[in-house]
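Worksheet: one structure, shown below.
We did not get these values from a lab; they are worked out from the coordinates using the rules stated. In this text the structure is predicted, and so the values were computed from the model without any measurement. Backbone-built Cβ (ideal geometry, glycine too); neighbour counts: all protein chains shown.
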């Protein structure tokens, strides 16, 4: 499988920022707090924040009162959007076979494998497109 751990951590980052702001604890959440409380090393967090910022999910503000906040409402951010920001077109499954066998049957087998894995990934994307950060925050309260 190919999706990175940073994808999972990025969901946690967005939930953390959303929750802190929703509880009116902060206007902007500091990167130091995110790194500390979520146990994400700063270099990893910087990469996550860069990707989320490039996808217009978060915004950053420098200075004493700066930090990170969402650019959208949690109800408008899907898990799929975060996946796309972090994985930028990567496939979940590796399908480079590099086999020595040639002919109709080996080619058909490779095609069938690619097809089933592509379909599975599409179903995953459809599921992730239906789940918002707001829904996850509500689930946290239950």
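Neighbour counts of C-beta atoms inside 10 Å place 69, 105, 22 in the sequence 105, 22, 69, starting with the fewest. Among 104, 131, 64, the largest mean-square fluctuation in a Gaussian network model of the chain, built with springs joining Cα atoms closer than 10 Å, belongs to 104.
Mind checking the full-extension length gain between residue 39 and residue 127? Use 0.36 nm per residue of separation minus the Cα-Cα distance, one decimal, nm.
28.9 nm
Full extension of the chain segment joining residue 97 with residue 25 gains 20.8 nm, where the gain is 0.36 nm per residue of separation less the Cα-Cα distance.
Relative contact order of the chain, taken over Cα pairs closer than 8 Å and 6 or more residues apart, is 31 percent.
The simple Förster model, with R0 at 41 Å and r as the Cβ-Cβ distance, assigns residue 114 and residue 62 a FRET efficiency of 0.35.
Measuring r between the beta carbons of residue 105 and residue 4 and using R0 = 30 Å, the FRET efficiency lands at 0.30.
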